[in-house]
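Right, one structure below, let's go through it.
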Amino acid sequence: MATAMDAVSPDFLRRKAWTAAATVVDPEVPVLSIADLGVLRDVTFEGGTVVATITPTYSGCPAMNLIALEVDLALEKAGFTRRRVDLKLAPAWTTDWMSAEGREKLRAYGIAPPRPRSASGRGALFGVEDIACPKCGSDNTERISEFGSTACKALWRCKACREPFDYFKCI
């Protein structure tokens, strides 16, 4: 049986499905959509089924089941009756997949965003990074703990304004 969706162009349907899936927010950092974060990797069609592919920020991310459920619900609300959400572990997620808009949303929310790899270099994982305070902008900061409120963040403190803040780790 033909549906109204059958008469619409594949490009339009893909954009509609992407837009719907991209409305899902990260439950641990609710100012970021999964598209901002780079977790939403692709939206394709296999036959008449829309397939949204997501990649976790790390393989043990506890939010992925909820994100997959929310993506499925967003696609359903957008009118897609045949849908699937695939979890793809390779290639591994990297902070380089975060959008510039997502990085700015993090900063405005009070979390220091990771710098693009080209700015920080791989050595930053093992060396000292200069992390700007998202509250006052000072580079006079120090790491308090490698682990912050979630596993993907570290806890830092600004020596200028004395405020603690999370830093989204560069992966």
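If we scan the range 93-103, do we find a residue that is crowded, with 16+ Cβ neighbours inside 10 Å and part of a strand (DSSP E or B)?
No, because not a single residue in the range 93-103 is crowded, with 16+ Cβ neighbours inside 10 Å and part of a strand (DSSP E or B).
Taking (1) touching a residue at least 24 places away in the same chain (Cβ under 8 Å); (2) within 30 Å of Tyr167 (Cα to Cα) in turn, Met64 satisfies each apart from (1).
Gly79 fails exactly one of the following numbered conditions: (1) at pLDDT below 95; (2) over 28 Å from Phe165 (Cα atoms). What is the number of that condition? The number of the failed condition is (1). Filtered by the rule that a residue be in contact with a strand residue (DSSP E or B) (Cβ under 7 Å, 6 or more places away or on another chain) and outside any helix (DSSP H, G or I), the range 30-44 gives Leu32, Ser33, Val39, Leu40, Arg41, Asp42, Val43, Thr44.
When restricted to residues that are part of a helix (DSSP H, G or I) and surrounded by fewer than 19 Cβ atoms within 10 Å (Cβ to Cβ), the range 69-89 contains 5. Restricting attention to the range 155-168, does a residue exist that is in contact (Cβ under 8 Å) with a residue 12 or more places away in the chain, surrounded by 15 or more Cβ atoms within 10 Å (Cβ to Cβ), among the aliphatic types (A, V, I, L, M) and over 16 Å from Ala108 (Cα atoms)? There is at least one residue in the range 155-168 that is in contact (Cβ under 8 Å) with a residue 12 or more places away in the chain, surrounded by 15 or more Cβ atoms within 10 Å (Cβ to Cβ), among the aliphatic types (A, V, I, L, M) and over 16 Å from Ala108 (Cα atoms). Within this structure, Ala63 passes the test of being of a type in the set (Gly, Ala, Ser) and open to solvent by less than 20 Å² (accessible area, probe 1.4 Å). Going by what's in this entry, would Leu89 be described as in contact with a helix residue (DSSP H, G or I) (Cβ under 9 Å, 6 or more places away or on another chain) and in contact (Cβ under 8 Å) with a residue 12 or more places away in the chain? Criteria not met by Leu89.
The values are calculated or read from the model by the stated rules, or taken from the named source; none is laboratory data. Note that the structure is predicted; figures quoted are calculated from it, not measured. Note: ideal-geometry Cβ built from the backbone for every residue, glycine included; neighbour counts use all protein chains shown. Heavy atoms of the whole protein, side chains included, go into the accessibility calculation; ligands, DNA and RNA do not. Shrake-Rupley method; radii C 1.70, N 1.55, O 1.52, S 1.80 Å.
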